[in-house]
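Have a look at the structure below, then the notes.
The values are calculated or read from the model by the stated rules, or taken from the named source; none is laboratory data. Fair warning: this is a prediction, and the values are worked out from it, not measured in the lab. Ideal geometry is used to build each Cβ from the backbone, glycine not excepted, and the neighbour counts take in all protein chains shown. Keep in mind that these areas ignore ligands, DNA and RNA; they rest on the heavy atoms of the full protein, side chains included. Shrake-Rupley method; radii C 1.70, N 1.55, O 1.52, S 1.80 Å.
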Amino acid sequence: MNDPGTEPRIAHLAANDFPELAKRALDDSTLRGALHHVTDLFGDKRENAVAAMPEWEAMRERARRVKEETLSRLDHYLEEFVRNAEAAGVHVHFARDAAEACSAVEKLAQRFGAQTIAKSKSMTTEEIGLNHVLEDAGLEPVETDLGEWIIQLAGETPSHIIAPAIHKTRGQIADLFADELEVERTDDVQELCSIARRFLRKSFADADLGISGVNFAIAETGSFLVLENEGNARLSTSMPRRHLGVMGIEKLIPRFEDLEVFLRLLPRSGTGQHLTSYQSIFTGPKASPDDEGPDEVHVLILDNGRSALLGDWVTRQSLGCIRCGACLNVCPVYKQVGGHAYGSVYPGPIGAVITPQLAGVEKAKTLPFASSLCGACRDVCPVKIDIPRLLLHLRGKIVTGDGPPHVGRETRKGRFLERMTFRAWAWWMSGARRYRVAGWFARKLQPLGARPGLVQRVARKLSPPLGAWTAGRELRPAAPRSFRELWREQEGSR
Amino acid sequence: MSTARDAVFASIRKNLAGVQSAETPLDRGTAATRLGAPQGLDERAARVERFTKVLTSVDGRVHRVANEAEASEVLRAIAAEHGARLVALSDAPQVQRIAGALADLETFDGSRDRARLLECDLGVTGAQHGIAETGTLVLFSESERHRLTSLVPPIHVALVRSSTIVPTLGEALAEARRAGLPPLVSFITGPSRTGDIELTIVVGVHGPKTLHVILIDDD
Ligand code: SF4
């Protein structure tokens, strides 16, 4: 249940356009090539890293339990975190929703007299659409993670949780840099990285405020942790005089020692690394005036619809997510359509459950259906979130609620026909004779199925929902002989 | 801001009302918190071996020396290899001793002069610990001013006593707490890297392109 007066919101949301966006993505062969590349590579690397960890399953169970314990007593742990962070000299701020969070950051930036703001990768600031608000206020937020910088230059949103610009080819990035930065065009990846290094160094030096995400916040010590590979988070949190970490209320873990298991799980699940190149553990501002690092450390803790998920264990689980991206890489839907099709900064299986839960099901009512429920996401999730279960829960909410979910069911008639079609199907298939007849027909009519478009036309005539269902699917060939026939033959030959 | 704080806590409490964690409380300080920790790293030799192997596999370069005089020599060779002239140093005494012995290099305090830091060729810091499990360096901000010297120059050379290499991540975390959790604890494993363009791995996108670790066996 959300607090009245708050308005949980996800920026740039177009989640109800999934059917449209997915179709567009399927027609984009460059995108699909890139998607295969990223999901296969990360998937394989993850698998190898996991295979080398004999205690993997026990680690996942431990992580799930740590998160469940934290979330079921979140008021307690959050209080502990705030107390310890403040004792360490951190300024702690809260925001009920996206709008409040953005204006809190804007006010802080103004108080600091900050013009340039160095940002390191943070999904939470993507969620609240922070950059736009800061830009509208005349400030210059600069994304410093290479992938995030690329999509900021291109005016796009991330398409993968841990590889935000993976939908772009080096050629496209070469054009982008040449146009936006007025540098000589090169599509050498090394060169492109050097250009980024050169340009962003200036931003770090100019920045009066560094904003980072938070991977884990530790209640016991008031510390928070950022993991990365590039070093941009280290620069963003070392060069400017102020550092602000932005986190959702769910980022907590109870104890410092709990980090150990999560530090083993997260990099392996995300990129298959033993450990990312850098972890920074922040506990308060610099201890003496002539030390290095920021004078002030701030933390902004965001609700934005999260607390409403705490009441029920099914929905509560989704707050255990550590944003590793593993579920994206194994998802048969994500692999085909990519991140932008989801119309949300949170794509893939976890996006399909988080987006409707945070923004409201009516704003993302097609996403819970964008899944085959194969369960691959659940099997790889390092905190064992039962994503298929959550998807079913959300589907139930959508179907019993007032909103009709998607194509074919958009009308009363469509819903009625769908129900009838499935009833007829169930009746027909539950009789042994009828089942046999259906099999015989399927084999006999098979050659017709090869005629392009025919099955679809017939299906659409029979029942519009069936037509919608067959639009993007090909008919699987039936086996030349049925199991019953084979069985009879075998028995006969004995 | 206290109104937002109160409202968030109120909403959390309201939604958690009646929620009982069905599970038994978590066990602490036992094998459960250490799951996945590698075994067999009790001997220093095993720790050094694993540290070297893992760090090398992520493009770190490890040099083992018997004493500080040898460390100076290796540092000189590294500087020569990269053609480095201007060298930033952290303020750790050991770093000052080892790098200060190199008269042919121009050295300065990396935390003091940002303009020079951005120009320099190489940065030298110590590390308070190594982690055998992951080939990681652990640096505490209160032991030396390491933040920028270990990060901004294109080459980072870290001096580590091999006796300070701990077996696992868990022990490194425990050491950080024992040191009173300084404002920043940095874990560094290999050079800076990115795969953000077509997943091609490029080192040195923001931080160092090259990481050298000089392991000193003098105790
Ligand atoms: S749901 Fe699980 S697998 Fe997916 S991003 Fe979150 S933690 Fe990773």
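Some observations on this one:
- Cβ distances below 4.7 Å define possible disulfide partners, and in the protein assembly as shown the cysteines left without one are A:Cys102, A:Cys193, A:Cys321, A:Cys324, A:Cys331, A:Cys374, A:Cys381, B:Cys120.
- Pairwise Cα distances in the protein assembly as shown exceed 37 Å in 42 percent of cases.
- Lys, Arg +1 and Asp, Glu -1 on Cβ, resulting dipole of the protein assembly as shown about Cα centre, debye, nearest 20: 4620 debye
- Between chain A and chain B, roughly 8000 Å² of accessible surface gets buried, counting both sides and using a 1.4 Å probe.
- Rounded accessible area of A:Cys321 (nearest 10 Å², 1.4 Å probe): 20 Å²
- D_trans [Stokes-Einstein, Kirkwood Rh over alpha-carbon pairs] for the range A:15-308, 4 °C, 1.567 mPa s, µm² s⁻¹: 64 µm²/s
- Shielding by other protein chains, A:280-288, mean Cβ within 10 Å: 6
- Accessible surface of the protein assembly as shown [probe 1.4 Å, protein heavy atoms]: carbon and sulfur percent: 52 percent
- Positive contributions from Lys and Arg (+1) and negative ones from Asp and Glu (-1), summed over other residues with Cβ under 14 Å from the Cβ of A:Ala426, come out at +2.
- Considering only A:Val299, A:Leu319, A:Pro349, and ranking their Cα positions along the charge dipole of the range A:292-355 that arises from unit charges at the beta-carbon of Lys, Arg, Asp and Glu, the one farthest toward the positive end is A:Pro349.
- Gyration tensor over alpha-carbon atoms, chain B, equivalent ellipsoid semi-axes in Å: 37, 23, 17
- Computed about its Cα centre, the charge dipole of the range B:41-216 is approximately 180 debye, with only Lys, Arg, Asp and Glu carrying charge at their Cβ.
- Among beta bridges identified by DSSP and lying wholly in the range B:41-216, the antiparallel ones come to about 25 percent.
- Semi-axis lengths (Å, descending) of the ellipsoid that matches the C-alpha gyration tensor of the range B:106-167: 24, 11, 9
- Residue by residue along A:91-99, Cβ atoms of other protein chains within 10 Å of the local Cβ number 3 on average.
- Rg and Dmax of the range B:58-109, both derived from C-alpha coordinates alone, stand at 11.1, 32 Å.
- Charge context of A:Arg83, other residues only, Cβ under 13 angstrom, K/R +1, D/E -1: -4
- Phi to ³J(HN,Hα) by Karplus 6.51 cos²θ - 1.76 cosθ + 1.60 over the range A:476-481, Hz, x for Gly, Pro: 6, x, 7, 5, x, 10
- Kyte-Doolittle mean at least -0.5 and Cα axial length at least 27 Å: DSSP H helices in chain A: A:29-51
- Electrostatic tally near A:Glu250: other residues with Cβ closer than 14 Å to its Cβ, Lys and Arg +1, Asp and Glu -1, net +2.
- Think of a 1.4 Å ball rolled over the protein heavy atoms: the range B:128-191 then has 19 Å² of accessible area per residue.
- 1.4 Å probe, heavy atoms, protein only - residues of the range A:247-267 losing at least 50 Å² accessible area vs chain alone: A:Phe256, A:Glu257, A:Glu260, A:Arg264
- Rolling a 1.4 Å probe over the protein heavy atoms gives chain A an accessible area of 43 Å² per residue.
- Complex-versus-alone comparison for the range A:1-46, residues with a loss of 50 Å² or more in accessible area, probe 1.4 Å: A:Met1, A:Asp3
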